[in-house]
Every structure is written in structure tokens, then in C-alpha cells.
Amino acid sequence: MKLDFSVLDAPTRKIDAEIAECAAEINSDVHAQNFKLPMVENYDSFQREVVDYVKPNHGTTTLGFIFEHGVVIAVDSRASQGPYISSQTVKKVIEINPYLLGTMAGGAADCQFWQRNLGIQCRLHELENGKRISVSGASKLLSNTLYGYRGQGLSMGTMVAGWDLNGPGLYYVDSDGTRLKGKRFSVGSGSLFAYGVLDQGYRWDLSVEDACELGRRAIYHATFRDAFSGGTVSVYHVGPDGWTKMSGTDVGELHYEYYPADPIATEAEAEGGGEEPESMETSEQK
């Protein structure tokens, strides 16, 4: 019996064409999902050079201060993208653990992610050592983390506040790795306005109610003057038993509390019957 091997001599152009077509489809699908990166030799150095050009416009107002009975943290809730108000209900206080709070100013995603990461580190410290981390230690962990990403485009200006064995603590930490200890801080585009009210009304011996009222009033006046701040004023108090949210009030309602109608002017208008005042005689008429 003779075998027919003629099929082996048949041209394979059709099979080669099908293979080439499939390869082209696969390549097109793969390349379509790639990120478009600048055609430069060193992308890392290029990214550092142009980081200032891609920073978004943002604004907020946050403050914190230490007094006799603990720490008060007050924040607004507006998120903005340049002139556009993207949200009025942003929670700008990150509850790290029952005794530690962090605030958000700068890029919302950066602040939320790294402060939640700080919460994980604080919990691991507690499990390894059998005791809560101090406020100083928590702020140092965050500062070290952010310093490792210095120059990579992070935008953060946060406060870490809490209560430990040494009493109340308040630290300022930013995206450059800066870490400052203090008794009064205000961060954000409206911080100058908040500082004016805070410095005028601050006393060490404030009661908890008066301290919360001072923080609420300072944030309100900042929202009244700063277009990038607004929404709701949230006030927290941190004491020996942990943090407590004291209030969350819309700035529209606070406006009528801090700027009521002047009763004296209203009564004067009612008695005058709406009559126009007599015009003053000018020197030309004389």
C-alpha cells in the first residue's frame, strides 16, 4: 500500500496569514491598554521636574488646639477642584483609633490613604508591644512614611491629635516630611481667617463647651471669607477617655447665629416710618 504524502508539499501561506492576523489582534489589544508615558530617557527625573505643573487647585480649613481639658479639632467639609465645588460632605477627620485623630488638607486621596495606613501601623504597634502608641510616635510614623515619598507629588498638610500617657498631644505633618509639635495649628486656604478668631479667643482654662464653640466659630468665619471652604463644621474633642464628636453644623445655620439681624437698627427703622432723611445743604446751595 502506497501512502500519499502530497499534503506535506502544499503551501502554508493560508496558515501563516491566519497566525499573523491573530498576532496583530493580540498586539493591538495589549498596546491599547498601555499608559501613554512621555518619551524620555529617565521618567523618574522627568516626573519630578513637571510635578508643579500638574498640582491641582484645592482649599480647605482645619484647626486644632490644646487646652486644659484635652484637644479640640474643627474642620469644614467642602471639596473643591479649582473654582468647582465637587462636594459639600467630605469627612475631613480620619479616626485613626479611639484615642487618635487625623485631619485632611491637600489632596483628599493622599490624606485618606496614608492616614488609614497610619491606623494599620498603630494597630500593629499595639499588638506587638501590648500598649497604645503615643501621639508623638504616631506622628513620627506618618512623617517617616511621607519623607520616603518626598518629591513624588504627594499633597498633604495634616494634623495628628490625641491623648496618651503624657496627656494631650498635637502635631503638624506635611508631605515633605515636616513634623512640628505645637498647641495651636490651622491648615488650609482659610487658615489665616481661622487664626484670627482662634488667637483672639484662645485661653488655656477654657471649658470643653467654650473650646468647642471657639473652634466652631473660627471655622465658620473662615468659610465666610474663603471661597474654598464651606459645607458643615465638624467639631471633635479628645480627652482621657478618647475622642468624641461634639457637633456637625451647617455653615448656613451658623450664619444666622453669628450674624443676627440688628434689633436696634430694626426698631429705628420702624419708628422712623421709612421716611427718607433730610438732605444736607451743600456749600454751592449756600
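Brief remarks follow.
- Those residues of the stretch 86-116 which are of a type in the set (D, E, K, R) and under 22 Å from Gly153 (Cα atoms), in sequence order: Lys92, Asp110, Arg116
- Qualifying position, being under 19 Å from the mean Cα position of the chain (by Cα) and farther than 20 Å from Val71 by Cβ, among Tyr147, Tyr171: Tyr147
- From the list Leu127, Leu141, Leu165, Leu100, the lone residue that is of a type in the set (A, V, I, L, M) and within 18 Å of the chain's Cα centre (by Cα) is Leu100.
- Neighbours by Cβ (under 6 Å, 6+ apart or cross-chain): first from the stretch 216-232, part of a loop (DSSP other than H, G, I, E, B); second among the β-branched types (Val, Ile, Thr) and at pLDDT 95 or above: none
- Lone unmet requirement of (1) out of contact with any Leu (no Cβ under 7 Å at 6 or more places or on another chain); (2) modelled with pLDDT under 95 for Leu154: (1)
- Of all residues in the stretch 59-97, those that are part of a strand (DSSP E or B), buried (at least 24 other Cβ atoms within 10 Å of the Cβ) and among the charged types (D, E, K, R) total 0.
- Residues in the stretch 159-208 that are in contact with a Lys or Arg (Cβ under 8 Å, 6 or more places away or on another chain) and of a type in the set (Val, Ile, Thr): Val173, Val197.
- Qualifying position, being farther than 25 Å from Ser139 by Cβ, at pLDDT 90 or above and not hydrophobic (A, V, I, L, M, F, W, C), among Asp210, Asp262, Asp241: Asp210
- The residue pairs whose first member lies in the stretch 122-145 and is surrounded by 14 or more Cβ atoms within 10 Å (Cβ to Cβ), whose second member is of a type in the set (Ser, Thr, Tyr) and not in a helix (DSSP H, G or I), and whose beta carbons are closer than 6 Å, counting only pairs six or more residues apart or on different chains, are Ser139/Tyr171.
- Number of residues in the stretch 117-155 that are within 21 Å of Met104 (Cα to Cα), among the charged types (D, E, K, R) and not in a loop (DSSP other than H, G, I, E, B) equals 2.
The values are calculated or read from the model by the stated rules, or taken from the named source; none is laboratory data. In this text, all values refer to a predicted model and were calculated from it rather than measured experimentally. Every residue, glycine as well, gets a Cβ built from its backbone with ideal geometry; the counts of neighbours run over all protein chains shown.
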